[in-house]
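**Student:** For reference, the structure I am asking about is given below.
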Amino acid sequence: MEWEVVIGLEVHAQLATQSKIFSGAATAYGAEPNTQACMIDLGLPGVLPVLNKDVVRMATKFGLSVGAKVSQRSVFARKNYFYPDLPKGYQISQYELPIVEGGQLEIQLDENTSKVIGITRAHLEEDAGKSLHEDFHGMTGIDLNRAGTPLLEIVSEPDMRSAKEAVAYLKALHSLVRYLGICDGNMQEGSFRCDANVSIRPKGQKEFGTRTETKNVNSFRFVERAINYEVDRQIDLLESGGKVMQETRLYDANKNQTRTMRSKEEANDYRYFPDPDLLPLEISSEYIEEVRKELPELPHEKRQRFQQQYALNAYDASVLVSSLDMADYFEAVVNTVGSGNKAAKLVANWVMGDLSAALNKDLLDISESPVKASQLAGLIKRIVDNTISGKIAKIIFETLWQEGGDTDSIIEKQGLKQITDTGAIEKIIDEVIASNPQQLEQYRSGKDKLFGFFVGQTMQATKGKANPQQVNELLKKKLDG
Amino acid sequence: MSISESDVLNIAHLARLEIETTDIPKYAQDLSSILELVEQMQTQNTDQIVPMAHPLNATQRLREDNVTEPNQRDLAMAIAPAAEAGLYLVPKVIEEQDA
Amino acid sequence: MHTKSVAELATDLGSKKISSVELTQHFLKRIQQHDNDLNSFITVCEERALADAKAADEMRQQGKAGPLTGIPMAQKDIFCTKGIKTTCASKILSNFVAPYDATVVERCQQAGLVMLGKTNMDEFAMGSTNENSYYGAVKNPWDQTCVTGGSSGGSAAAVAAGLTPLATGTDTGGSIRQPSALCNLTGIKPTYGRVSRYGMIAYASSLDQGGPMGRSAHDIALLLQTMAGFDPKDSTSIEREVPDYPATLEAKLDGLRIGLPKEYFATGLDANVANVIDQCAKNLEKLGAKLLEIALPTTASHVPTYYVIAPAEASSNLSRYDGARYGMRCEDPKNLEDMYKRSRGEGFGAEVKRRIMVGTYALSAGYYDAYYLKAQKIRRLICDDFNNAFKEVDVILGPTYPTTAFKIGEKLQDPVSLYLADIYTIAVNLAGLPALSMPAGFNKGLPIGAQLIGNYFTEAQLLNVAHQYQQATDWHHKLAEGY
């Protein structure tokens, strides 16, 4: 049978505030355990929550950026359950009336295909602390630094049909929150976390199949793997006559598999009700308009601008704007090189090609690139002004990557300057022709393919420094001469 | 609304309360009579009435995003039943051991 | 000295007739003498009190004294006090020392009030007899075999016995007014949001409100002045100016429209109490007020509605007492769940467990709409009742409690009969209105309280009416024998 995969994602984006959502404790990552957990975060008796202004602004920004309805009235509710990382015995979240409802995000799947993914809702809530399961005399250690950190939970519609689409959506969302400056997007530190709801159904069937929720998928790669694992598992189950159980599963990156999480409780009964310590959050339409004015250039707007301003094609532009850092890097290089369209295309190729490949190889983010925008610009400048060939440029890039420095001094030091002196090139060509009489004869008797042989020999003799275009022209003249 | 002894145990579990076996019948009886009292609400017609969670029509006030709480770990740990290395210690969750 | 009013004591302090240290020593001595019998204090903090008193005397020396500087008082053990145990009368918090002060405590301290100690109460403020205390029942100074009422029973007994001139209380369904009525005191539950709840241990957050208890309207006006005011640490605190309460006490009552809800004088009300309230109404009429009968049609639903909303909020508010970070942890927990269940099972008393279970049930899947949501809807109807009433009248008068104090142990086995007796006090909390109880007479030597309910933020008016009544009567001057 042919199966259709149905995926919805729930993303928890940690909002980039200084202090917690309901207390004045700091949110910095990596602090000593429990040094950023104040009396409110610890759930001491009698202490009370007061909402952080900036989380409202950030959620509003997000809502506007995905064309959602920003609710003028939203309500905080308590989700009640017992767990040691949850100090009050309830999590303050939004349930019936979230701050953001509806919305959509367009994702680019390949050069010609894009797709719109629906966003059901986004709501504000507080994060829980962490349980450390190392052995403390048979006990578990609890660090509540993270308790009370503001989260925006963004829930998508079940609109994705493959792990690839899910990753594209997740990347687009990741890029968006970074553009908005509302989340640092650091997945290793857990600032951007994803739970995947996966189900399958026979192709053509309208009803959804039973879904599982896979938690703890905290990198783009893992999302893809976890979903694919889960899809295969569900297909195997159904095809062998079994049934998919609605459950929460945990992705284990080491084993690349998902497994049932021992349910915290037989059936969770969270007893949601409006938090009586907090009043309804009301937002005026003036406030919403004020926030709208603060919105930065969004990815799709930047993409359009890149296409127009730099004459890039849609695909290149969409790749470049997929991360704010990459877009900024690209523009920094273009601006240093000079803004001719040809240069822009060349810069785009370098950023998306050699630079991205090198970053991927070393598992680095563009913000961590050892070759800074100014260095890459210096390199590309020399390609544009014909000082070096593209081939030499790759060698220099490698040096920049490994050892740092700047292009001009590398050219100087290693003598990599392109040979553009016609006389010099002619001299070398003459030598090449003279030492290969046999090939010359064959060529002249019609074996055209040997032209490449002579180009190769010439380039080799100049250690790649001869201007390839000139070599071509001069060789042709001499050989056909 | 009558609450059975097994209802008492279910609710007590949800609320994480240990109830002495000998006390269960009394709780069942008390909860039943309380719920019987509560049932009298049903005589009040509330069609079209919007629920009210708060007595005043006030709305949520917001605080500036400033760090105002310094590190208070020592104060907090001083009253903890069990703590070590800056961590609160609690018994292990047995359910996770074989997962 | 302990029979003097707060204003008189303040005058004596001001004229240096007595120092705060002397005054404090006097009350500490009285606590020593009488509290073994009454059990009104959970913690007496002698050292702290004397230090506070000394500081108050110095403040006065430097000319920085306010109206209450140097006056001793007691805090209900529900208000967190930095460095001094705060138990909420629960075993689960029996070792709890808060690293912070409640806003109310902070304000009292800033005003130069001297904290004598922390008063007994029903555990987590759940109860109306003060029998639900881990530290034992409080005895009523008017008859030591009787209850004080609750939950602020310790505060009531301590003031009634002259162990402190003033005390704080909290009121979720009558916990200031009912023990005030049963112990011949004046106590006010302010408008919801008037007094900060920060550091006041929550029972039911949307109903809880702190307030003062004392022997007269004038006395409590002074303490309310200190307690009330906006607090940025409490999201439900109201940003609104606090009027000068003592300033308007002397206004005459001419033309004041007083409503008597017919439902408050129906079956269930003890005939002797009814007579006393009638007499009280007539006295107020003589002072220039007009009496009007009004209706509060939702009255029959008040108790059922309250006993859904309060336990629902409580069940969640009390989840934090889990033995993990502070408070009591059971011995040798076998695993996490065992720690939760035994710490809470052993740490909470029977009434607290009952209410947690009722609330848990009311919020659980399948019952939420029928119980919690239904109660929230009736809550709006109750508000509407009062809003309608206040179109016709300025204040509402009725009994505070259907009976006088009853015997300790008499109603322990029947929680529902106790719940039903909360009938006159509960709606005020659901609506968030201010209400005051004042001494209005006696039956067989036991005090009876009259309740005045006002519109939102009319504390000044309630205190004015009570003060005028107290100028014309002397019920509030009567003291229990032996004190």
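The values are calculated or read from the model by the stated rules, or taken from the named source; none is laboratory data. Because the structure is predicted, anything quoted here is derived from the model rather than measured. As a convention, Cβ positions derive from the backbone with ideal geometry for all residues, glycine included, and neighbour counts pool all protein chains shown.
**Student:** Looking only at residues that are outside any helix (DSSP H, G or I) and acidic (Asp, Glu) in region C:331-365, which one is farthest from C:ASN130 (Cα to Cα)? First the steps, then the outcome.
**Tutor:** We begin by selecting, within region C:331-365, every residue outside any helix (DSSP H, G or I); these are C:331-335, C:348-349, C:364-365.
Right, trim to acidic (Asp, Glu) and you get C:331-332.
Working: C:GLU331: 28, C:ASP332: 32 Å.
Ranking the qualifying residues of region C:331-365, first place goes to C:ASP332.
**Student:** Scan C:GLU263, C:GLU293 and give me the residue that is surrounded by fewer than 16 Cβ atoms within 10 Å (Cβ to Cβ) and either without any contact (Cβ under 8 Å) to a residue 60 or more places away in the chain or not aliphatic (A, V, I, L, M) (or both). Outline the logic, then answer.
**Tutor:** Details: C:GLU263 fails: surrounded by fewer than 16 Cβ atoms within 10 Å (Cβ to Cβ).
Of the residues listed, the single one that is surrounded by fewer than 16 Cβ atoms within 10 Å (Cβ to Cβ) and either without any contact (Cβ under 8 Å) to a residue 60 or more places away in the chain or not aliphatic (A, V, I, L, M) (or both) is C:GLU293.
**Student:** Condition check: within 14 Å of A:ILE200 (Cα to Cα), at pLDDT below 95 and polar (S, T, N, Q). Does A:GLN257 satisfy that? Explain how you work it out, then say what you get.
**Tutor:** Numbers: within 14 Å of A:ILE200 (Cα to Cα): no; at pLDDT below 95: yes; polar (S, T, N, Q): yes.
Answer is no for this residue.
**Student:** Tally time: how many residues in region C:129-156 are more than 17 Å from C:GLY409 (Cβ to Cβ) and under 16 Å from the mean Cα position of the chain (by Cα)?
**Tutor:** Here the count works out to 5.
**Student:** Related question: Determine whether region A:102-122 contains at least one residue that is farther than 25 Å from A:TYR229 by Cβ, in the same structural domain as A:GLU32 (by TED's automatic domain parsing), in contact with a Gly (Cβ under 6 Å, 6 or more places away or on another chain) and of a type in the set (Gly, Ala, Ser).
**Tutor:** So far as region A:102-122 goes, yes, one or more of its residues are farther than 25 Å from A:TYR229 by Cβ, in the same structural domain as A:GLU32 (by TED's automatic domain parsing), in contact with a Gly (Cβ under 6 Å, 6 or more places away or on another chain) and of a type in the set (Gly, Ala, Ser).
**Student:** Here is a follow-up. Any idea which residue in region C:330-344 is nearest to the other protein chains (Cβ to nearest Cβ), counting only those that are closer than 24 Å to C:LYS85 by Cα and either more than 33 Å from the chain's Cα centre (by Cα) or among the small types (Gly, Ala, Ser) (or both)?
**Tutor:** Applying the filter and picking the extreme gives C:MET339.
**Student:** Take the residues in region B:31-50 that are within 7 Å of chain C (Cβ to nearest Cβ) and farther than 14 Å from C:ALA375 by Cβ; name whichever of them is nearest to the chain's Cα centre (by Cα).
**Tutor:** Step by step, filter region B:31-50, then rank; the result is B:LEU31.
**Student:** Can you name the helices (runs of 4 or more DSSP H) wholly within region A:265-341 that have at least 1 residues being more than 14 Å from chain C (Cβ to nearest Cβ) and among the β-branched types (Val, Ile, Thr)? Don't jump to the end; show me each part of the working.
**Tutor:** On the way: elements: A:285-294, A:299-310, A:314-321, A:324-337.
The helices (runs of 4 or more DSSP H) meeting that bar are A:285-294, A:314-321, A:324-337.
**Student:** Take C:LEU318 and tell me if it is under 30 Å from A:LEU86 (Cβ atoms) and among the hydrophobic types (A, V, I, L, M, F, W, C).
**Tutor:** Details: under 30 Å from A:LEU86 (Cβ atoms): yes; among the hydrophobic types (A, V, I, L, M, F, W, C): yes.
Yes.
**Student:** Would a scan of region A:429-443 turn up a residue that is outside any helix (DSSP H, G or I) and surrounded by 15 or more Cβ atoms within 10 Å (Cβ to Cβ)?
**Tutor:** So the first thing to find is which residues in region A:429-443 are outside any helix (DSSP H, G or I), and the list is A:435-436.
Going one step further and asking which of them are surrounded by 15 or more Cβ atoms within 10 Å (Cβ to Cβ), we end up with A:436.
Yes: region A:429-443 contains one or more residues that are outside any helix (DSSP H, G or I) and surrounded by 15 or more Cβ atoms within 10 Å (Cβ to Cβ).
**Student:** Additional query: Just one of A:GLU134, A:GLU189, A:GLU207, A:GLU153 is part of a strand (DSSP E or B), surrounded by fewer than 17 Cβ atoms within 10 Å (Cβ to Cβ) and either without any contact (Cβ under 8 Å) to a residue 24 or more places away in the chain or assigned by TED's automatic domain parsing to the domain that holds A:MET261 (or both); which is it?
**Tutor:** From the options A:GLU134, A:GLU189, A:GLU207, A:GLU153, the qualifying one is A:GLU134.
Residues checked against (1) crowded, with 21+ Cβ neighbours inside 10 Å; (2) within 11 Å of chain B (Cβ to nearest Cβ):
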residue: C:ASN387; (1), (2): no, no
residue: C:GLY398; (1), (2): yes, no
residue: C:SER417; (1), (2): no, yes
residue: C:THR425; (1), (2): yes, no
residue: C:ILE453; (1), (2): yes, no
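**Student:** So, one more: Which residues, taken from region A:60-77, are under 18 Å from A:LYS20 (Cα atoms) and touching a Ser or Thr at 6+ places or on another chain (Cβ under 9 Å)?
**Tutor:** Matches in region A:60-77: A:PHE76, A:ALA77.
**Student:** Sort through C:ASP385, C:ASP474 and tell me the only one that's modelled with pLDDT of 95 or more, within 21 Å of C:PRO246 (Cβ to Cβ) and acidic (Asp, Glu).
**Tutor:** Values: C:ASP385 fails: within 21 Å of C:PRO246 (Cβ to Cβ).
Going through C:ASP385, C:ASP474 in turn, just one is modelled with pLDDT of 95 or more, within 21 Å of C:PRO246 (Cβ to Cβ) and acidic (Asp, Glu): C:ASP474.
**Student:** Further question: Residues that are more than 14 Å from every other protein chain (Cβ to nearest Cβ), touching a Ser or Thr at 6+ places or on another chain (Cβ under 6 Å) and hydroxyl-bearing (Ser, Thr, Tyr): find the strands (runs of 3 or more DSSP E) completely inside region C:184-287 holding 1 or more of those. It would help to see each step written out before you state the result.
**Tutor:** On the way: elements: C:186-189, C:209-214, C:257-261.
Result: C:186-189.
**Student:** From the list B:ASP65, B:ASP74, which one is within 30 Å of C:LYS85 (Cα to Cα) and out of contact with any Leu (no Cβ under 9 Å at 6 or more places or on another chain)? First the steps, then the outcome.
**Tutor:** Values: B:ASP65 fails: within 30 Å of C:LYS85 (Cα to Cα).
Just a single option satisfies the conditions, and that option is B:ASP74.
**Student:** Would you mind stating whether C:ALA65 is over 30 Å from C:ALA137 (Cβ atoms), among the small types (Gly, Ala, Ser) and part of a loop (DSSP other than H, G, I, E, B)? Don't jump to the end; show me each part of the working.
**Tutor:** Details: over 30 Å from C:ALA137 (Cβ atoms): yes; among the small types (Gly, Ala, Ser): yes; part of a loop (DSSP other than H, G, I, E, B): yes.
So C:ALA65 fits the description; yes.
**Student:** Could you look through region A:359-380, keep only residues that are surrounded by fewer than 18 Cβ atoms within 10 Å (Cβ to Cβ) and in contact (Cβ under 8 Å) with a residue 40 or more places away in the chain, and pick out the one that is nearest to the chain's Cα centre (by Cα)? Step through it out loud before you land on a result.
**Tutor:** Going through region A:359-380, the residues surrounded by fewer than 18 Cβ atoms within 10 Å (Cβ to Cβ) turn out to be A:360-365, A:367-368, A:370, A:372, A:374.
Filter once more, keeping what is in contact (Cβ under 8 Å) with a residue 40 or more places away in the chain: A:365, A:367, A:374.
Values: A:ASP365: 9, A:SER367: 12, A:SER374: 23 Å.
So the residue we want is A:ASP365.
**Student:** Of the numbered conditions (1) within 24 Å of C:ASP101 (Cα to Cα); (2) touching a residue at least 24 places away in the same chain (Cβ under 8 Å); (3) assigned to a helix (DSSP H, G or I), C:LEU13 fails exactly one; give the number of that condition.
**Tutor:** (1)
**Student:** Okay, moving on. From B:ALA28, B:ALA85, which residue is more than 7 Å from chain C (Cβ to nearest Cβ), out of contact with any His (no Cβ under 7 Å at 6 or more places or on another chain) and at positive phi? Break it down stepwise before answering.
**Tutor:** Working: B:ALA28 fails: at positive phi.
The unique qualifying residue is B:ALA85.
**Student:** Turning to a different aspect of this structure: Considering only residues that are touching a Gly at 6+ places or on another chain (Cβ under 8 Å) and more than 10 Å from chain C (Cβ to nearest Cβ), look in region B:51-67 and name the one that is surrounded by the most Cβ atoms within 10 Å (Cβ to Cβ).
**Tutor:** Keep residues of region B:51-67 that are touching a Gly at 6+ places or on another chain (Cβ under 8 Å), which gives B:54-56, B:58, B:63, B:66-67.
From what is left, the residues that are more than 10 Å from chain C (Cβ to nearest Cβ) are B:66-67.
Numbers: B:ASN66: 14, B:VAL67: 17.
If we take residues in region B:51-67 being touching a Gly at 6+ places or on another chain (Cβ under 8 Å) and more than 10 Å from chain C (Cβ to nearest Cβ), then B:VAL67 is surrounded by the most Cβ atoms within 10 Å (Cβ to Cβ).
**Student:** Scan region C:52-105 for residues that are within 14 Å of chain B (Cβ to nearest Cβ) and more than 23 Å from C:ASP231 (Cβ to Cβ) and jot them down.
**Tutor:** First, pick out the residues of region C:52-105 that are within 14 Å of chain B (Cβ to nearest Cβ): C:80-87, C:90-101.
If the condition is that a residue be within 14 Å of chain B (Cβ to nearest Cβ) and more than 23 Å from C:ASP231 (Cβ to Cβ), then C:LYS85, C:THR87, C:SER90, C:LYS91, C:ILE92, C:SER94, C:ASN95 are the ones that fit.
**Student:** Something else now. Somewhere in region A:91-107, is a residue modelled with pLDDT of 95 or more, within 12 Å of chain C (Cβ to nearest Cβ), within 30 Å of A:PRO274 (Cβ to Cβ) and part of a strand (DSSP E or B)?
**Tutor:** yes
**Student:** Filter region A:39-81 for residues that are of a type in the set (S, T, N, Q) and in a loop (DSSP other than H, G, I, E, B); which is nearest to the other protein chains (Cβ to nearest Cβ)? Don't jump to the end; show me each part of the working.
**Tutor:** The initial filter retains those residues of region A:39-81 that are of a type in the set (S, T, N, Q), namely A:52, A:60, A:65, A:71-72, A:74, A:80.
Adding the requirement that they be in a loop (DSSP other than H, G, I, E, B) leaves A:71-72.
Numbers: A:SER71: 13, A:GLN72: 10 Å.
Filtering first and then ranking leaves A:GLN72.
**Student:** Here are C:GLY327, C:GLY347, C:GLY359, C:GLY366: which of them is farther than 23 Å from B:MET77 by Cβ, more than 7 Å from every other protein chain (Cβ to nearest Cβ) and crowded, with 21+ Cβ neighbours inside 10 Å? Walk me through it before giving the result.
**Tutor:** On the way: C:GLY327 fails: farther than 23 Å from B:MET77 by Cβ; C:GLY347 fails: farther than 23 Å from B:MET77 by Cβ; C:GLY366 fails: crowded, with 21+ Cβ neighbours inside 10 Å.
C:GLY359 is the lone residue from the list that is farther than 23 Å from B:MET77 by Cβ, more than 7 Å from every other protein chain (Cβ to nearest Cβ) and crowded, with 21+ Cβ neighbours inside 10 Å.
**Student:** Could you count how many residues in region C:198-214 are under 13 Å from the mean Cα position of the chain (by Cα) and over 13 Å from C:ASN429 (Cβ atoms)?
**Tutor:** Selection size over region C:198-214: 4.
**Student:** Something else: Taking region C:249-260, which residues are more than 15 Å from C:GLU392 (Cβ to Cβ) and exposed (fewer than 15 other Cβ atoms within 10 Å of the Cβ)?
**Tutor:** Filtering region C:249-260 down to residues more than 15 Å from C:GLU392 (Cβ to Cβ) leaves C:249-254.
C:GLU250, C:ALA251, C:LYS252, C:ASP254, listed by residue number.
**Student:** Out of curiosity, is B:SER2 among the small types (Gly, Ala, Ser) and not in a helix (DSSP H, G or I)? I'd like the intermediate steps shown before the answer.
**Tutor:** Numbers: among the small types (Gly, Ala, Ser): yes; not in a helix (DSSP H, G or I): yes.
So B:SER2 passes the test.
**Student:** Scanning region A:215-245 for residues that are β-branched (Val, Ile, Thr) and part of a helix (DSSP H, G or I), which turns out surrounded by the most Cβ atoms within 10 Å (Cβ to Cβ)? Spell out the reasoning first.
**Tutor:** Taking region A:215-245 as the starting set, the residues that turn out to be β-branched (Val, Ile, Thr) are A:217, A:223, A:227, A:231, A:235, A:244.
Imposing the further condition that a residue be part of a helix (DSSP H, G or I) reduces the set to A:223, A:227, A:231, A:235.
Values: A:VAL223: 25, A:ILE227: 27, A:VAL231: 19, A:ILE235: 15.
Applying the filter and picking the extreme gives A:ILE227.
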